[in-house]
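Take a look at the structure set out below.
The values are calculated or read from the model by the stated rules, or taken from the named source; none is laboratory data. This is a predicted model, so every value here is computed, not measured. Cβ sites come from the backbone with ideal geometry, for glycine too, and all protein chains shown count toward neighbours. Just the protein is used for accessible areas: all its heavy atoms, side chains included, with ligands, DNA and RNA removed. Shrake-Rupley method; radii C 1.70, N 1.55, O 1.52, S 1.80 Å.
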Amino acid sequence: MITDVSERKLARAQKQVQILEQMIEDKTRELFITQEELRSAKEYFESIIRSMQDLLIVLRPEGTIQSVNERAVSLLGYQHEDELIGQFITKVLNDQEGFHELFLNVDDLEGPFNQRESSFIGKAGNSFPVLLSGSTLRDKKGKSCGLVLLALDIQERKILEQQLLQAQKMESIGQLAAGMAHEINTPIQFIGDNTRFLQEAFCELQPVLDHSTTLVETTESGSISIKSLDGIANAVKTADLPYLSEEIPKAIAQTLEGVERVSSIVRAMKEFSHPGVEGKTSADINSLIDNTIVVSRNEWKYVADIKTEFAPDLPQITCFAGQLSQVFLNLIVNAAHAIAEIVEGKDNETGTIRIATRIDNQWLEISVCDTGGGIPEQIRDKIFDPFFTTKPVGTGTGQGLALVHDIVVEKHQGTIVVESSPDMGTTFLLRLPINPVLEDSLQERMDTQNEHSTAHMKAIEV
Amino acid sequence: MKGVVFNLFEQFISENWSEEIYEQILEECSLETAEPFVGPGTYPDADFLALVVKATETVGVELPVAIRAFGKFCFPKLAEVFPHFVQTHQHPKDFLKTIDSVIHVEVRKLFKDAETPEFRYEDPGPQQLVLIYKSPRKLYEFAEGLLEGVGEYFQSPIQYTRTVRVENEQEVAIFELTFSEAAVCVS
Ligand code: HEM
């Protein structure tokens with residue numbers, strides 16, 4: 001039987017206190033170390049975010065800014081993040097459409113929202129282009145609790161892109177130059193012929209003029225001699241005046257017409273190349289198309305006629321005119337090539353390229369139709385891929401339609417529908433928004449867009 | 001096994017028999033652990049078993065009976081230490097349903113290295129509950145004792161049957177519980 005129970009219990013209790021104290025000490029140390037680790041992990045992540053070259057903005061579900069990284073603060077032109085925190089994202093995001101897409105769908109934003117071209121507005125009101133990606137921030141239960149926006153500053157890239165577009169335009173001007181030289185050559189030649197004829201005619205008229213001068217002088221001195229009258233009569237006869245008075249005005253008229261043709265070609269070329277105009281300007285689409293038809297005449301005239309049906313009341317639209325000219329050029333040249341493929345080798349057979357413009361609600365519609373052999377079914381969904389080409393190696397870079405797509409869809413928020421069949425040829429239907437996007441009109445546009453696509457069940461939407 | 005359980009066992013023996021008997025059991029056991037048990041500590045299961053076996057020998061009770069009694073003894077003590085787990089419920093059924101998803105989760109947060117069993121539930125009727133218990137320790141009687149303790153605590157006796165089956169090469173015990181009609185289940 002154990003007698004010293006209380007003593008043993010006491011001793012045990014003392015030991016327990018000791019052990020517990022030790023445990024508390026250990027726990028406290030552990031806690032301290034964990035806190036240190038947490039702090040340095042936090043600093044580590046913060047330094048990564050700080051050193052990021054991209055703009056990082058975290059939004060609350062209702063769209064206000066919860067946090068921003070330093071890069072975003074400085075690129076947007078602010079001094080301190082506090083100036084942005086709590087603000088609605090539209091203060092800096094200049095992208096109505098992207099904004100809608102982002103926030104109306106926050107909850108069912110399944111995958112990330114990837115690399116959309118958008119722009120931000122800096123504190124000074126300056127706007128700069130970014131590639132915007134977003135993903136939903138979810139809590140442990142999977143409920144969306146915010147949005148992480150990552151934006152890549154693409155100002156540099158935009159400048160390069162602009163230069164590339166310009167370079168591509170210069171390249172096509174280069175390619176057009178030979179055709180243009182030919183186009184100019186014909187009128188220049190008959191201007192030359194006519195001028196030479198006028199030179200000769202003048203030589204023939206010279207004696208008539210000389211004799212007339214003499215006659216005038218002798219008449220003034222009071223004596224008119226038969227001799228001087230004979231002189232004129234002979235000169236008139238040799239010069240064949242009736243012939244000259246019929247032909248000279250004709251030659252002059254033809255010369256002026258030639259000069260007009262040359263100058264219209266030069267004017268079209270000048271307008272087509274739009275040197276120096278970088279931003280969006282107000283432009284008349286009909287005349288852009290007209291110019292393009294003129295400069296590209298040599299590319300299509302042997303295989304096709306161009307028929308235009310322009311809506312007379314088209315409003316001017318704000319656009320990158322030079323880029324759209326490039327679009328029309330690419331479509332016309334493509335149409336000509338498609339026709340060339342089927343008329344090749346058949347004498348005197350040509351096709352038709354029909355270009356029409358019209359207004360449909362909020363949209364300006366441009367259709368370019370050819371009577372070529374159509375686009376084979378199996379490549380229809382590839383035609384807008386960069387570098388995709390059906391032309392023999394060395395003849396096409398494959399950038400033509402990719403560029404069309406980029407300019408219409410990305411740069412102008414337009415759409416392209418392609419309808420094609422072997423017996424009907426191919427129609428490219430471009431739609432450009434008449435008004436730059438306004439918040440209210442957005443939904444309307446989406447709606448007409450939907451009607452439009454259902455109306456073209458068989459068409460490919462791009 | 002956590003020190004709390006060892007300490008509860010000391011209380012169990014001391015209160016039902018005597019402090020002397022506990023000292024005797026402790027003295028006669030050869031344990032892996034030399035120092036006294038403290039609540040947050042973790043000790044070998046074998047030490048716990050050795051203590052329980054020695055206790056049954058010393059007081060002359062069968063092992064299953066002893067463990068069940070210990071379980072029944074433990075519940076009100078645990079409820080005393082963690083009143084908020086229990087007080088929020090009117091009916092033992094509601095309470096029992098929270099063991100796996102709330103109580104033992106909190107226990108594991110609080111006690112490092114705690115190894116609590118796994119419970120799954122089936123709900124065949126208002127006055128019934130099936131508890132499927134899975135633990136390598138197979139402390140079926142302990143669980144039964146706790147259930148009895150729960151019934152007593154809520155003043156609504158719980159009847160149970162136990163069947164054992166093998167699931168994925170591991171033994172599980174299925175406790176089919178029936179609650180007394182008197183208690184009104186809110187869930
Ligand atoms: C306030 C309520 C409860 C608390 C605070 C609690 C806490 C604990 C603790 C601390 C352990 C020891 C774990 C370890 O040593 O690693 C344990 C084990 C255990 N608990 Fe609970 N428990 C509660 C209610 C219940 C109830 C109602 C049951 C019902 C059947 C139960 C069944 C068990 C069993 C069977 C074990 C033994 C370990 C095993 O089987 O592996 N517990 N519990």
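Okay, residues lined up against (1) of a type in the set (S, T, N, Q); (2) assigned by TED's automatic domain parsing to the domain that holds A:PHE328:
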site	(1), (2)
A:LEU229	no, no
A:VAL236	no, no
A:PRO242	no, no
A:ILE252	no, no
A:VAL262	no, no
A:GLU271	no, no
A:ASP284	no, yes
A:ASN291	yes, yes
A:ARG297	no, yes
### Query
Restricting the range B:1-48 to residues that are within 15 Å of the ligand (Cβ to nearest atom) and aromatic (Phe, Trp, Tyr), which is nearest to the other protein chains (Cβ to nearest Cβ)?
B:PHE37
### Task
Within the range B:34-48, identify whether any single residue is within 16 Å of the chain's Cα centre (by Cα), not assigned by TED's automatic domain parsing to the domain that holds B:GLN170 and not in a loop (DSSP other than H, G, I, E, B), and answer yes or no.
yes
#### Entry: Every residue from the range B:128-173 that is free of Cβ contacts under 8 Å to residues at least 24 places away in the same chain, open to solvent by 70 Å² or more (accessible area, probe 1.4 Å) and within 12 Å of the ligand (Cβ to nearest atom)
B:ARG162
### Task
Go through (1) at negative phi; (2) surrounded by fewer than 14 Cβ atoms within 10 Å (Cβ to Cβ) and name the single condition B:GLY60 misses.
(1)
### Task
Collect the residues in the range A:266-308 that are more than 22 Å from A:ILE342 (Cα to Cα) and either among the aromatic types (Phe, Trp, Tyr) or over 24 Å from the mean Cα position of the chain (by Cα) (or both), keeping them in residue-number order.
A:PHE272
#### Entry: Complete set of residues in the range B:82-95 that are surrounded by fewer than 15 Cβ atoms within 10 Å (Cβ to Cβ) and either within 7 Å of the ligand (Cβ to nearest atom) or closer than 17 Å to B:GLN128 by Cβ (or both)
B:PHE82
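Residue-by-condition table, conditions (1) open to solvent by 70 Å² or more (accessible area, probe 1.4 Å); (2) assigned to a helix (DSSP H, G or I):
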| residue | (1), (2) |
| --- | --- |
| A:SER6 | yes, yes |
| A:ILE19 | no, yes |
| A:ILE24 | yes, yes |
| A:GLU30 | yes, yes |
| A:GLN35 | yes, yes |
| A:LEU38 | yes, yes |
| A:ILE57 | no, no |
| A:SER67 | no, no |
| A:TYR78 | no, no |
### Query
Looking only at the range B:110-127, which residues are more than 14 Å from chain A (Cβ to nearest Cβ) and more than 9 Å from the ligand (Cβ to nearest atom)?
B:ARG120, B:TYR121, B:GLU122, B:ASP123, B:PRO124, B:GLY125, B:PRO126, B:GLN127
### Query
Out of (1) modelled with pLDDT of 90 or more; (2) surrounded by 14 or more Cβ atoms within 10 Å (Cβ to Cβ), what's the single condition that is false for A:THR90?
(1)
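To keep it simple, each residue is scored yes or no on (1) modelled with pLDDT under 80; (2) out of contact with any Asp or Glu (no Cβ under 8 Å at 6 or more places or on another chain); (3) under 30 Å from A:ILE293 (Cβ atoms); (4) not assigned by TED's automatic domain parsing to the domain that holds A:LYS411.
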| position | (1), (2), (3), (4) |
| --- | --- |
| A:PRO129 | no, no, no, yes |
| A:ASP139 | no, yes, no, yes |
| A:GLU161 | yes, yes, yes, yes |
| A:ASN185 | no, yes, yes, yes |
### Task
Answer yes or no: is there a residue in the range A:439-462 that is modelled with pLDDT of 55 or more and in a strand (DSSP E or B).
no
